[in-house]
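In what follows, a structure is listed as structure tokens, so that the remarks can point back to it.
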């Protein structure tokens with residue numbers, strides 16, 4: 001079951017994106033949020049901390065929680081796990097499924113996912129389009145013991161919305177590694193770039209709140225189109 005403070009944070013994040021607080025440039029008070037969501041002060045504070053970590057708000061002592069300036073609409077937020085459908089919400093996102101199948105984890109994947117060699121995993125390769133132009137290639141492996149079912153309809157939209165909203169997975173944290181490589185001929189054709197052009201790569205290892213790895217993935221981005229945003233909060 002989803003953690004309550006994360007549900008509240010997701011709700012407030014959507015309201016921020018929808019412009020609900022644009023006129024005040026700040027969130028309601030803690031007391032107002034406690035009354036609205038009918039939860040404890042500690043739960044509200046945890047939800048607000050989520051929004052701080054996601055780069056949406058900042059605190060002014062004694063004055064409340066203020067909205068940070070909205071980022072460019074074409075940036076990828078390293079602090080987000082919801083993917084392109086949230087990061088690029090104002091854009092038209094299309095997905096082409098290149099591969100979706102259940103495979104047995106080889107030694108490399110098993111080591112990355114901390115599972116047994118031969119364990120069943122979903123292997124998905126997708127081409128993501130933004131405003132009808134190739135934007136990224138996503139290659140993902142999901143532990144089938146945790147993500148028991150995936151199909152093309154789910155993979156064609158937001159897999160993470162499905163994991164969080166439908167499967168109610170309690171996603172805890174992710175490690176992200178950013179590199180740059182020269183793209184091979186096949187992937188260059190998909191992204192409409194030249195072979196040996198650079199490609200920005202983000203590798204993800206994503207865990208549940210108990211530390212269990214359920215996904216490892218790699219995204220190759222069109223080097224001329226992708227912009228990465230990482231908002232840092234100093235405490």
Helices (runs of 4 or more DSSP H) wholly inside segment 1-68 containing at least 1 residues that are in contact with a strand residue (DSSP E or B) (Cβ under 9 Å, 6 or more places away or on another chain) and at pLDDT below 90: 4-17, 41-53
Condition (residue is in the same structural domain as residue 222 (by TED's automatic domain parsing), assigned to a strand (DSSP E or B) and either without any contact (Cβ under 8 Å) to a residue 40 or more places away in the chain or surrounded by fewer than 18 Cβ atoms within 10 Å (Cβ to Cβ) (or both)) applied to segment 105-121: is it met by at least one residue? yes
Taking segment 199-217 and keeping residues within 18 Å of residue 128 (Cα to Cα) and over 17 Å from the mean Cα position of the chain (by Cα) leaves 199
Hey, residue 139 under 22 Å from residue 227 (Cα atoms) and surrounded by 17 or more Cβ atoms within 10 Å (Cβ to Cβ) or not: yes
Going through (1) modelled with pLDDT of 95 or more; (2) touching a helix residue (DSSP H, G or I) at 6+ places or on another chain (Cβ under 8 Å); (3) assigned to a loop (DSSP other than H, G, I, E, B) one by one, residue 89 fails only at (1)
Of the conditions (1) part of a helix (DSSP H, G or I); (2) surrounded by 13 or more Cβ atoms within 10 Å (Cβ to Cβ), residue 153 clears all except one; give me its number. (2)
All positions within segment 1-53 that are at positive phi and more than 23 Å from the chain's Cα centre (by Cα): 25, 38
Output for segment 37-52, where each listed residue is in contact with a helix residue (DSSP H, G or I) (Cβ under 7 Å, 6 or more places away or on another chain) and touching a residue at least 24 places away in the same chain (Cβ under 8 Å): 37, 39, 43, 44, 46, 47, 50, 51
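The values are calculated or read from the model by the stated rules, or taken from the named source; none is laboratory data. This one's a predicted model, so the numbers in the text were calculated from it and none came from an experiment. Every residue, glycine among them, receives a Cβ derived from its backbone with ideal geometry; neighbour counts consider all protein chains shown.
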